[in-house]
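Colleague: What follows is a single structure, and I will ask about it in a moment.
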Protein chains: 2
Amino acid sequence: MIRRAFFVLALLVLAGVSQPRAHAADLIVEKKTFALPSYTTVGGAPIKNMRIGWEAAGTLNADKSNAILITHFFSGTSHAFGKYAASDATAGYWDGLIGPSKLIDTDKYYVISSDTLVNLNVKAPNVVTTGPASIDPDTGKPYGMRFPVVSIRDFVRVQKALIDSLGIKKLKAVMGASMGGLQAYEWAASYPEAVERIIPIIASPGGDAFLIGWLDAWGQPIRIDPKWNGGDYYDKEPPLDGLKASLTLITLQAQQWEWAAKAFGTAPAEAGKDPGKAFGNRFKIEVALDAAATARAKTSDANSLLYLVKANQLADADRSKIKVPVLAIYTPTDLIFYPPSIETAAKAMAATGTPVETAQLTGPNGHLNGVLAVGQAADKIKAFLER
Amino acid sequence: MIRRAFFVLALLVLAGVSQPRAHAADLIVEKKTFALPSYTTVGGAPIKNMRIGWEAAGTLNADKSNAILITHFFSGTSHAFGKYAASDATAGYWDGLIGPSKLIDTDKYYVISSDTLVNLNVKAPNVVTTGPASIDPDTGKPYGMRFPVVSIRDFVRVQKALIDSLGIKKLKAVMGASMGGLQAYEWAASYPEAVERIIPIIASPGGDAFLIGWLDAWGQPIRIDPKWNGGDYYDKEPPLDGLKASLTLITLQAQQWEWAAKAFGTAPAEAGKDPGKAFGNRFKIEVALDAAATARAKTSDANSLLYLVKANQLADADRSKIKVPVLAIYTPTDLIFYPPSIETAAKAMAATGTPVETAQLTGPNGHLNGVLAVGQAADKIKAFLER
């Protein structure tokens with residue numbers, strides 16, 4: 001709990017926002033496990049004993065027509081709303097949006113959120129995932145890089161199996177930010193009969209060459225760290241330096257110039273230690289990024305980051321199959337998903353008759369505006385869900 | 001020569017541009033060395049036997065009033081124009097702009113360009129620089145990370161000493177892209193009496209917190225590579241993997257989404273090897289970035305990259321001292337220098353009476369539009385120089 005709280009806190013502090021206040025009566029959620037004895041990936045590889053975690057709030061109505069699925073971002077988990085215990089230091093990342101009488105009203109909707117396969121936060125106490133850090137039942141040892149390649153489509157297939165297990169025939173909506181938005185698009189393309197509408201945030205439908213290149217670059221520091229050892233480190237010291245450098249790249253690209261100027265400026269990390277005088281004298285932003293990476297690395301797994309890189313590189317929802325209404329929310333200062341390509345995809349889908357709306361978010365946090373500032377689009381989201 | 005040509009070629013191929021055609025009569029330039037027995041850095045550290053390379057074209061007029069200084073970018077060298085020999089595969093990076101009867105007409109101007117201190121391309125045959133790879137005269141061994149910290153201001157001080165040695169009292173202009181633009185701003189702030197006007201391209205005057213963070217991230221893969229060994233690798237294998245990962249980050253951030261989509265798309269590197277099927281099956285852009293990094297790494301030095309990181313982090317020309325006319329050229333799709341901060345700095349300087357003009361470049365290459373597409377601002381540059 002403490003580690004998880006520290007991670008969320010580090011992210012929020014880095015994002016330059018204050019932490020959401022605790023509500024008088026916190027929404028308490030319970031982490032559950034969904035398991036399949038066997039799952040076959042899109043690439044055709046079998047995974048035995050597949051398990052993912054999930055949590056929900058609200059009540060599923062009699063005809064099971066009020067369910068909304070929240071899909072998480074690259075470094076996220078199922079913990080989008082509520083707390084696991086009243087004593088938790090922080091709530092889920094969208095607790096400001098999701099809960100009783102909130103924008104996504106759990107008095108009205110049954111809101112589900114699940115951990116993906118190959119989830120990054122393997123060491124977070126409440127995360128349940130199957131990935132390279134899992135024990136391969138055939139060998140009794142962690143898979144490491146022998147785990148099969150999985151894609152966003154696999155994440156969505158597993159979510160569909162979870163929904164099926166709950167007897168839900170059709171979701172009211174799928175909503176998610178960044179990698180969560182990739183999943184929302186993939187839901188619309190793969191299961192048009194099982195989702196009424198999607199709200200992809202700070203994401204395109206996928207298939208972006210520049211992002212494919214960047215994702216590869218995000219993973220490179222891990223592969224350079226000798227402790228990575230080709231992915232076999234689970235009985236040794238993990239490649240922490242590489243993992244931290246990877247997480248720093250992700251933190252930076254998810255942010256933006258304005259955030260850095262506002263939060264840190266060009267001040268030295270320590271008064272009197274001029275960065276111009278010695279190599280070891282650093283700037284405030286360098287030390288803050290290191291501290292955030294150290295905090296994030298505590299719950300993260302290096303191989304899982306590499307599998308997420310691959311899954312995101314493979315994202316490419318078939319636009320021609322997206323026919324359900326789309327509310328695409330984005331931010332013009334996004335450094336991860338190219339804003340014009342989000343607009344272009346929206347226009348192309350609209351041109352083939354798909355009902356598409358867009359909304360723009362502003363703020364100093366670049367890509368992360370799509371996690372931190374979604375409230376700006378509250379009216380559009382509310383109307384879109386009630387339509 | 002072959003290595004250098006390969007590097008430039010890789011950069012141009014990656015940039016998605018065809019190579020400049022050879023001119024009927026190539027401009028031939030000669031690499032010279034400027035040396036000082038001792039140079040004291042801005043930080044107060046002495047460097048003995050300081051040497052940098054430089055080259056020039058055109059003829060210095062009688063009153064030495066027709067000199068223009070070209071300052072180079074992060075991974076650049078003094079080789080901005082001409083060839084060292086007619087048989088060279090490629091010419092200097094701005095050979096299309098600089099030469100007889102060209103935009104910067106060497107029939108009219110005496111155009112000088114010098115290698116910076118801590119130049120990245122230590123292993124390129126024509127580069128002359130003093131930095132961590134140089135032999136410390138006191139120990140007879142390479143400095144490594146014991147070389148003193150240097151800044152953009154040091155680069156400019158050394159250039160001033162070079163200009164002084166040529167008897168030039170006042171430069172007609174200083175023009176440079178990216179790190180070259182930082183040097184142009186520093187020239188205006190440090191030596192207002194010795195420069196008539198500046199043309200900083202794709203650069204702000206410095207002092208950008210986000211860029212300070214990114215620069216640190218660029219250097220991290222080198223420090224993670226065990227072959228880096230705290231900077232002492234000159235008698236061993238260099239940290240090539242770390243250096244390549246660093247260079248890939250720089251290549252990506254100097255480019256932009258449109259370039260990647262146009263040059264590579266989402267095609268697999270090898271037909272029939274679906275990246276969704278196996279971890280080793282890669283995308284075309286990943287393999288191209290690796291090949292470019294391998295080519296660039298051949299002439300580059302890892303410690304020098306870290307010193308350049310520091311020098312750029314320290315860039316912060318005093319805007320209040322910039323009084324000479326400024327033509328600031330930038331590109332709205334720049335991912336390294338925040339375009340609004342270039343505009344803001346221009347407006348702030350103009351508000352204090354400094355004559356400031358701006359020009360925008362377009363193109364698919366993001367930051368690199370400022371190297372590859374400067375011709376778009378030819379009319380403004382010509383008028384600005386002739387004013």
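The values are calculated or read from the model by the stated rules, or taken from the named source; none is laboratory data. All of these numbers come straight from a predicted model, not from anything done at the bench. Here the Cβ positions follow ideal geometry from the backbone for every residue, glycine too, while neighbour counts run over all protein chains shown. These area figures cover heavy atoms from the full protein model, side chains too; ligands, DNA and RNA do not enter into them. Shrake-Rupley method; radii C 1.70, N 1.55, O 1.52, S 1.80 Å.
Colleague: Quote the charge dipole size of chain B about the Cα centre in Debye, to the nearest 20; the model charges only the Cβ of Lys and Arg (+1) and of Asp and Glu (-1). Before the final figure, lay out each step's value.
Modeller: On the way: 40 positive and 36 negative charges, 54 e Å.
For chain B, the charge dipole is close to 260 debye.
Colleague: Further, regarding this structure: Given a cut-off of under 8 Å on Cα pairs at least six residues apart, what relative contact order in percent is computed for segment A:333-378? Spell out each step's value before the answer.
Modeller: Details: 30 pairs, mean separation 17.6, N = 46.
Once normalised by length, the contact order is 38 percent.
Colleague: Specify whether the C-alpha gyration tensor of segment A:231-387 places it in the rounded, prolate or oblate class, a ≥ b ≥ c being the square roots of the eigenvalues: rounded for a/c under 1.5, otherwise prolate if a/b is larger than b/c and oblate if not. Walk me through the numbers on the way to the answer.
Modeller: On the way: a/c = 2.92, a/b = 1.64, b/c = 1.78.
The shape class here is oblate.
Colleague: While we're on this one: Provide an ascending nm list, one decimal, of label-point separations from A:Glu30 to the equivalent residue in each further copy; define each label point as 7 Å from Cα along Cα→Cβ.
Modeller: Between copies, matching label points for A:Glu30 lie 8.7 nm apart.
Colleague: Output the antiparallel fraction of DSSP beta bridges having both residues in the protein assembly as shown, as a percent to the nearest 5.
Modeller: Values: 32 of 78 bridges.
Percentage antiparallel, nearest 5: 40.
Colleague: To continue, here is another question. Which percent of Cα-Cα pairs in the protein assembly as shown sits in each 20 Å bin, short to long?
Modeller: 16, 48, 28, 8, 0
Colleague: Same structure again: So the label point sits 7 Å from Cα along the Cα-to-Cβ vector; using that for A:Pro340, what distances do you get to the other copies, in nanometres, sorted shortest first?
Modeller: Between copies, matching label points for A:Pro340 lie 1.9 nm apart.
Colleague: While we're here: Just A:Ala297, A:Ala271, A:Ala373 to compare: in a GNM of chain A, with alpha carbon springs under 10 Å, which one fluctuates most?
Modeller: For chain A, modelled as a Gaussian network with Cα springs under 10 Å, the answer is A:Ala271.
Colleague: What are the label-to-label distances in nm, one decimal and shortest first, from B:Thr362 to the same spot in the other copies, with labels 7 Å along Cα to Cβ?
Modeller: Taking the point 7 Å beyond Cα along Cα→Cβ, the inter-copy spacings are 2.5 nm.
Colleague: Just to confirm my numbers, what's the Cα centroid distance between segment A:213-281 and segment B:210-248 in Å?
Modeller: Measuring centre to centre over Cα atoms gives 12 Å.
Colleague: If I build a Gaussian network model for chain B, linking alpha-carbon pairs within less than 10 angstrom, which residue out of B:Gly213, B:Gly144, B:Gly131 has the largest mean-square fluctuation?
Modeller: B:Gly213
Colleague: Next question, about the same structure. Which distance in Å, rounded to a whole number, links the C-alpha centroids of segment B:128-194 and segment B:352-374?
Modeller: 24
Colleague: Just to be sure I understand: with springs between alpha-carbon atoms less than 10 Å apart, which residue in A:Ile342, A:Ile285, A:Ile199 has the highest mean-square fluctuation in the Gaussian network model of chain A?
Modeller: Among A:Ile342, A:Ile285, A:Ile199, the largest mean-square fluctuation in the Gaussian network model of chain A belongs to A:Ile285.
Colleague: Mind checking the dipole of the protein assembly as shown: about its Cα centre, +1 per Lys or Arg Cβ, -1 per Asp or Glu Cβ, Debye to the nearest 20? Write down the numbers at each step before the final one.
Modeller: On the way: 80 positive and 72 negative charges, 17 e Å.
Approximately 80 debye in magnitude.
Colleague: Turning to a different aspect of this structure: Tell me which of B:Gly276, B:Ala288, B:Asn303 sits at the most positive position along the dipole axis of segment B:265-330, charges placed on C-beta atoms (Lys, Arg +1; Asp, Glu -1).
Modeller: Ranked along the dipole, the leading option is B:Asn303.
Colleague: Over chain B, calculate the relative contact order: mean separation of alpha carbon pairs under 8 Å at least 6 apart, over the residue count, as a percent. Please list the in-between numbers first.
Modeller: On the way: 811 pairs, mean separation 69.4, N = 387.
Taking the mean separation of contacting Cα pairs over the length of chain B, I get 18 percent.
Colleague: Percent of alpha carbon pairs in segment A:217-265 separated by more than 16 Å? The partial results should precede the final answer.
Modeller: On the way: 565 of 1176 pairs.
I get 48 percent for the Cα pairs in segment A:217-265 exceeding 16 Å.
Colleague: Going by Cα centres, segment B:54-82 and segment A:40-97 are how many Å apart?
Modeller: So the two Cα centres are separated by 61 Å.
Colleague: Here's a follow-up. Per q in 0.06, 0.09, 0.11 1/Å, what log10 I(q)/I(0) does a Debye calculation on the alpha-carbon atoms of chain A return?
Modeller: For the requested q values the scattering log ratios are -0.22, -0.50, -0.75.
Colleague: Kindly point out which whole DSSP H helices in chain B project their C-alpha atoms 15 angstrom or further along the helix axis while averaging a Kyte-Doolittle hydropathy of -1.0 or above. Spell out each step's value before the answer.
Modeller: Values: long enough: B:2-14 (18 Å, 2.18); B:152-165 (20 Å, 0.11); B:179-190 (16 Å, 0.03); B:209-224 (23 Å, 0.74); B:240-253 (20 Å, 0.84); B:284-297 (20 Å, 0.51); B:302-313 (17 Å, 0.23); B:339-351 (18 Å, 0.25).
Going by DSSP H runs, the hits are B:2-14, B:152-165, B:179-190, B:209-224, B:240-253, B:284-297, B:302-313, B:339-351.
Colleague: At a probe radius of 1.4 Å, what is the per-residue accessible area of B:Glu237, in Å² to the nearest 10?
Modeller: 120
Colleague: How much net charge surrounds B:Ala269 when only other residues with a Cβ under 12 Å from its Cβ are counted (Lys, Arg +1; Asp, Glu -1)? It would help to have the intermediate numbers written out before the result.
Modeller: Numbers: positive: B:Lys273, B:Arg282, B:Lys284; negative: A:Asp216, B:Glu270, B:Asp274, B:Glu286, B:Asp290.
Local net charge: -2.
Colleague: Let me have the 222 nm mean residue ellipticity of chain A computed from DSSP H runs of 4+ only, each contributing -39500 (n - 2.57), with the sum over all residues rounded to the nearest 500.
Modeller: Details: 11 runs with 129 residues, N = 387.
That calculation yields -10500 deg cm²/dmol at 222 nm.
Colleague: Let me ask another. Given the whole protein assembly as supplied and a 1.4 Å probe, what does the accessible area of B:Arg153 come to in Å², nearest 10?
Modeller: So the heavy atoms of B:Arg153 present about 90 Å² to solvent.
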